[in-house]
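The values are calculated or read from the model by the stated rules, or taken from the named source; none is laboratory data. On a predicted model such as this, the values are computed, not experimentally measured, just so you know. Neighbour counts run over all protein chains shown; Cβ positions are idealised from the backbone, glycine included. The accessibility values were calculated without ligands, DNA or RNA, using every heavy atom of the protein model including side chains. Shrake-Rupley method; radii C 1.70, N 1.55, O 1.52, S 1.80 Å.
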Amino acid sequence: MKKSLLPATILAASILYIFFIPDNPLWFKLIFKLIPMVLIIMYALLRMPREKLKIHWLILTGFSFCSIGDATLHWFIIGLSAFLIGHLFYIAAFLTQWKYNLYRLLSILPLGIFGLLMGVRMMGALQAGGDDALIMPVLFYIFAIILMAWSAFMTGNRWLIIGSLLFVASDSVLAWNMFVAPVAYSHLLIMSTYYGAQFFIAHSASSFRKPNIGNK
């Protein structure tokens, strides 16, 4: 498939899953849930240089674990663990492109405040619902995704920054809808921001290449 056609195909596959695929049977739903991610991985591969860098391999591994999370999220702890591992690979990937800048460094403040507020609210909701066993996994996941977003900011790459913020939005809506209160149009909000996040991370792949050292 041509690289120029993939974004439209990803969008079409995402719309198909979000709006038209029924919840049952589960296996049928999961197939269509994974199709956009398979296309996004193909898109990332096509945008990567022939000589891949460490960041490319780490991002591809992150995509793989997120795809496992997509397929297993109905078993919440298994799916959460897969996504957590995916985020750890994203963090490792983004840190390879760390570019110090004071303003980017200070992005930890709003991200950290948001993560703290979400953590406190999730902890209260889980305790009230008798789900104490989920408190530590959920809090650790919140910490990881905030760190992922901050490490994206530190790259200075706009596509990674957009992708990471969309990921934070997607997971925040998911957590709120699951543990705090129903969110209107939650499925649309969660999946559109999720696929958008992964697409922008994939789109960033062409930004990272080995320096072309020519003769002076």
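Quick notes
- Condition check for ALA125: farther than 18 Å from PHE63 by Cβ and in contact with a helix residue (DSSP H, G or I) (Cβ under 9 Å, 6 or more places away or on another chain): yes
- Summed over region 35-53, residues that are of a type outside the set (D, E, K, R), surrounded by 16 or more Cβ atoms within 10 Å (Cβ to Cβ) and in a loop (DSSP other than H, G, I, E, B) total 2.
- Residue list for region 17-34, restricted to those being part of a helix (DSSP H, G or I), under 16 Å from ILE190 (Cβ atoms) and open to solvent by 60 Å² or more (accessible area, probe 1.4 Å): PHE19
- Put simply, of MET148, MET191, MET136, MET123 the only residue that is in a helix (DSSP H, G or I), open to solvent by less than 80 Å² (accessible area, probe 1.4 Å), over 26 Å from LEU34 (Cβ atoms) and at pLDDT 95 or above is MET123.
- Residue check for LEU6: of a type in the set (A, V, I, L, M), open to solvent by less than 70 Å² (accessible area, probe 1.4 Å) and under 26 Å from ALA149 (Cβ atoms): yes
- Among the candidates SER64, SER14, residue that is of a type in the set (Ser, Thr, Tyr), in a helix (DSSP H, G or I), open to solvent by less than 80 Å² (accessible area, probe 1.4 Å) and closer than 14 Å to TYR194 by Cα: SER14
- For region 153-164, the criterion of being of a type outside the set (Asp, Glu) and within 21 Å of LEU73 (Cβ to Cβ) is met by at least one residue.
- Applying a threshold of 7 Å to beta carbon distances and a minimum spacing of six or more residues, or different chains, the list of pairs starting in region 89-116 at a residue that is among the β-branched types (Val, Ile, Thr) and ending at one that is surrounded by 12 or more Cβ atoms within 10 Å (Cβ to Cβ) reads ILE91/LEU147; ILE91/MET148; ILE91/SER151; THR96/LYS54; THR96/ILE55; ILE108/TRP150.
- Residue among LEU95, LEU88, LEU80 that alone is touching a Pro at 6+ places or on another chain (Cβ under 7 Å), closer than 22 Å to ILE142 by Cα and surrounded by 13 or more Cβ atoms within 10 Å (Cβ to Cβ): LEU80
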